[in-house]
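In what follows, a single structure is set out as structure tokens and then discussed.
Here, each number is a calculation from the coordinates, and none is a lab measurement. All figures in this text were calculated on a predicted structure; none of them were measured in a lab. Glycine gets a Cβ as well: all are built from the backbone with ideal geometry, and neighbour counts include every protein chain shown.
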Amino acid sequence: MDRDFLGDRKGLLHAIELLGRDHEAVDSIALPIMLPEKGFGPHATLEYLAAGILGGAARLGAATSFAHMDPPTPWITWATTLWNAALNQNLLHPATAPVARMVEQRVMEWLAPAFGMTGGHMTPGSTLANLTALWAARECAHIEEVVASEEAHLSIRKAAHILGLRFRGLPADRHGKLVGESLPHDLTRAALVLTAGTTGAGAIDPLDLAGRAAWTHVDAAWAGPLRLSSYADRLTGIDRADSVSVSAHKWLFQPKESALIRMALT
């Protein structure tokens, strides 16, 4: 095997050392206009990229980043991300991920009950989690329309278009919450999407509306982890949904892209 595919302790330690340096802030990186015909080699490449990549990165742990929903990550996630990249497991088949598949299932078993769900799986981001939920709504509940607040994440409208479903946007109040009185009377062929943590204001739609439609999906990408905290009652009613999506790379402090889709499987 080529030595580039073998662990290089010195190279990895050097990468950690570069990460710990106090790099001068920059707003660009000097990359060649044309793809070089010959590479620099891994060690020289790290040195070359460090100043621009590390110096030009947003400091998500800084007070000036508090307004954003993107958190810093604890060091243990750096280590597990290294393992993930080194092992490159493919959860599609047991032969290419014999233990990782079991770990994913166990994580779902741990977390699903907090949301009143019975199963689920990981996805690379909540956009795909929301798409998966609405696909399930189309296939299992035969919905033809997606109904959501105008403050719902753009991925909801995009998922509806991808799946060939109509999208109906409903008004939100001055706090950013869905106006419940605006719900259509007939939701027998509709999926109602409720947002727990809007992008602009962190608003939580009235979750007591769950169950009014043929399928209810709660996009809890932002606020979902409240169910694991002393503020769990802020999401009372979420257990009446048919599906829930949560971004682990927000309040669960995991690296991007990391999300979960949970279903109330029957």
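Summary of packing: across the peptides 55-64, 186-195, the per-residue average of other C-beta atoms within 10 Å ranks them, highest first, as 186-195, 55-64.
Taking a straight Cα-Cα cut-off under 27 Å and skipping sequence neighbours fewer than 8 places away in the same chain, the lysines within cross-link reach of residue 38 are 10. Taking 32, 71, 94 in turn, the Gaussian network model of the chain (Cα-Cα springs below 10 Å) assigns the largest fluctuation to 32.
Enter the Cα centre distance for the pair segment 144-216 and segment 61-104, rounded to the nearest angstrom. Segment 144-216 and segment 61-104 have Cα centres spaced 30 Å from each other. Within the straight-line cut-off of under 23 Å between alpha carbons, the lysines reachable from residue 256 are 158, sequence neighbours fewer than 8 places apart in one chain being disregarded. Annotation: the antiparallel percentage among DSSP beta bridges lying fully within the chain is about 40. For the peptides 229-242, 115-128, 37-50, residues were scored by their other Cβ atoms within 10 Å and the scores averaged per peptide; the highest-first order is 115-128, 229-242, 37-50. Measuring how big segment 111-266 is from its alpha-carbon positions, Rg and Dmax come out at 13.8, 41 Å. Projected label points at residue 82 and residue 100, each 7 Å from Cα along the beta carbon direction, are separated by 1.8 nanometres.
Counted over the chain with a bin width of 10 Å, the fraction of Cα pairs per bin, in whole percents, is 6, 25, 28, 21, 14, 5, 0.
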